[in-house]
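Everything below concerns the one structure shown next.
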Amino acid sequence: MKKNFEISFTKFVIYSLRFIFFTIAIVAAGQLINYLKFKNSMLSVALIAFYIILGIGVYYGLNKKVKTTTMLLVLIILGLILRIVWSFSVNSIPVSDFNTAYRSAGDLLKGDFSMMKGTAYFGRFPHLIGLVLYFAFIRNIFGGSSLLVLKIINILFSTSTIFLVYLICKEIFSDKKRVIIGTFLAAVFPTSILYTAVYCTENMAIPFYLGSIYYFFLVVKNKKKEEYLLLSGCLLLIGHLWRSVAQVMIVAYLLYIIIYYQKKNILKFKACMYICISFIIPFVIISNTFIWTGMTDRPLWSGSEPGITSVLKGSNIPTGGRWNDEDAKFIEANLKNEKLLVEESKKKIIERYTTTAPSDLVYFVFRKVTMQWKEGDFGAAFWAQLQVPQQDVGIDVANNGVVWYQLFHLTLLILIIRGLFRKQEYLEKKLINLFYIIFCGYGLTFLILESQERYAFIVNWLFIILPLAAVKGDEASVGSN
């Protein structure tokens, strides 16, 4: 009975993802064609050629059986260089939410906590308080050099993900070929490189998300005791304090334990408790500490702007569920009456979904899903170069490099689709299923809430690991050479 449910659940997820990724790939291909027509440039040609050369180099290293440690070191250095070159080629500045957080950090250093209370910006969105404190800490120490230091930290954190992807791939695939290819993809992944020039929370959060997954795998593979799930949960919490969308990861962990973890039910329950306790209890303590010290007057998970407003913006049919002026003005007008705002938001959401023609609703879902995942850089070049004068942009990826990252993205999407047809990966090895569940979770979240390409950056590593299911492994284990 249990085995049948496991297989049925897995097939349901896989068959659904085949359709979803095929749809995304079609739209991503259309985007690439559009870029080829209107935004083709020598920069993209040069970057594509450079990546092909790098790919040949990795193939040569694998064919010549270069030691794994040597290739890993080379790839980490390569990734570091690419990130340094890009990040310092653009004199980027904090914009949008990041600019608000950076300015508020200056107020915080003067003893002004008003932006974190009531209906002020970070009172409305207290999950961003961690970013304000981080900026304040850096500004307090480094003063006028703070933006430079923040970029360096972004680069180091982003580079660390190369090694973390290596560790995770080693647990999933074991064979050297796929582990090295995964490490290579992590080193040259356009999204991870481009976002080092953006002052966003994800740069700090992603290493902790990946570290959490690594220790989770060590436990489910019986390499570590169940108590290490406490470490997995704590690492995930740290990542959550930077980018507060780890609830999806918690649900994915619990589903994986319940469905795939080959233990007795009492041990499954124990594992689930370890994950939940190590995440929830410290989170509550940290949140209450902020309140007790007078830093804010709201829990980190409950701002003065109720969460239903994100669902409201996400239900706006004409705008594809993105930020829009209509809903923003409605929220602002009713912000001080939370009960009314919640009730009216629910009415608007229900009305939109029940009165829209079925064909329009289907198109809305199609548009929202594909818009979220079709862009090859997850919006990174736009945010990195936003409000930056042209003379301060050394490598103009936003205008001249789009073909490069879109072609790279489309290639990965095709490989992901191919991997979804390899039964031995998801029915026998099973670990890859955690990433399929994670994608489904975030896919549903972004379908319900306000949508933006940037929001998916927190799980960009899915597009590094999932394509590896399409690659035929070799016989050599990672530790053999």
Within segment 453-473, considering residues that are out of contact with any Leu (no Cβ under 8 Å at 6 or more places or on another chain) and in a loop (DSSP other than H, G, I, E, B), the one nearest to residue 380 (Cα to Cα): 460
Quick one: what pairs do we get from segment 110-135, first residue without any contact (Cβ under 8 Å) to a residue 12 or more places away in the chain, second part of a loop (DSSP other than H, G, I, E, B) and open to solvent by less than 40 Å² (accessible area, probe 1.4 Å), C-beta under 7 Å, 6+ apart or different chains? 114/120
Residues that are aliphatic (A, V, I, L, M), surrounded by fewer than 20 Cβ atoms within 10 Å (Cβ to Cβ) and in a helix (DSSP H, G or I): does segment 433-443 have at least one? no
Just one of 48, 14, 26 is open to solvent by less than 40 Å² (accessible area, probe 1.4 Å) and modelled with pLDDT of 95 or more; which is it? 14
Exactly one condition in (1) among the basic types (Lys, Arg); (2) at pLDDT below 95; (3) open to solvent by less than 60 Å² (accessible area, probe 1.4 Å) is not met by residue 110; state its number. (3)
Scan (1) surrounded by fewer than 16 Cβ atoms within 10 Å (Cβ to Cβ); (2) of a type in the set (A, V, I, L, M, F, W, C); (3) modelled with pLDDT of 95 or more for the single condition residue 403 breaks and write down its number. (1)
Output the number of the condition that residue 232 fails; it satisfies all remaining conditions of (1) hydroxyl-bearing (Ser, Thr, Tyr); (2) in contact with a Lys or Arg (Cβ under 6 Å, 6 or more places away or on another chain); (3) assigned to a helix (DSSP H, G or I). (2)
If only one of 286, 275, 280 is among the β-branched types (Val, Ile, Thr), touching a residue at least 12 places away in the same chain (Cβ under 8 Å) and closer than 27 Å to residue 440 by Cβ, which one is it? 275
Flagged pairs (Cβ under 7 angstrom, 6 or more apart or on separate chains; first in segment 387-406, within 18 Å of residue 52 (Cα to Cα); second assigned to a loop (DSSP other than H, G, I, E, B) and open to solvent by 50 Å² or more (accessible area, probe 1.4 Å)) are 402/39; 403/39; 403/40
Considering only residues that are surrounded by fewer than 21 Cβ atoms within 10 Å (Cβ to Cβ) and aliphatic (A, V, I, L, M), which ones fall in segment 450-477? 462, 470, 471, 476
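Each row is one residue, and each column tells you yes or no for (1) buried (at least 23 other Cβ atoms within 10 Å of the Cβ); (2) touching a Leu at 6+ places or on another chain (Cβ under 6 Å); (3) of a type in the set (Asp, Glu); (4) at pLDDT below 95.
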| position | (1), (2), (3), (4) |
| --- | --- |
| 157 | no, no, no, no |
| 165 | yes, no, no, no |
| 186 | yes, no, no, no |
| 194 | yes, no, no, no |
| 214 | no, yes, no, no |
| 218 | no, no, no, no |
Taking the criterion of being acidic (Asp, Glu) and within 20 Å of residue 454 (Cα to Cα), would at least one residue in segment 92-113 satisfy it? yes
The residue from 421, 378, 366 that alone is surrounded by fewer than 18 Cβ atoms within 10 Å (Cβ to Cβ) and in a loop (DSSP other than H, G, I, E, B) is 421
Cβ contacts < 8 Å: first residue free of Cβ contacts under 8 Å to residues at least 12 places away in the same chain, restricted to segment 140-166; second residue part of a helix (DSSP H, G or I) and buried (at least 21 other Cβ atoms within 10 Å of the Cβ), any location; separation 6+ or different chain. Result? 146/135
I need the full set of residues from segment 255-272 which are farther than 16 Å from residue 212 by Cβ, open to solvent by 30 Å² or more (accessible area, probe 1.4 Å) and either at pLDDT 95 or above or assigned to a helix (DSSP H, G or I) (or both), in order please. 258, 265, 266, 267, 269, 270
Just to verify a result, which residue in segment 63-92, among those that are of a type in the set (S, T, N, Q) and either assigned to a helix (DSSP H, G or I) or free of Cβ contacts under 8 Å to residues at least 40 places away in the same chain (or both), is surrounded by the fewest Cβ atoms within 10 Å (Cβ to Cβ)? 63
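The values are calculated or read from the model by the stated rules, or taken from the named source; none is laboratory data. This one's a predicted model, so the numbers in the text were calculated from it and none came from an experiment. All Cβ positions, even for glycine, are placed from backbone atoms using ideal geometry, and neighbour counts span all protein chains on display. When the accessible area is computed, the model is the full protein with side chains, heavy atoms only, and any ligands, DNA or RNA have been set aside. Shrake-Rupley method; radii C 1.70, N 1.55, O 1.52, S 1.80 Å.
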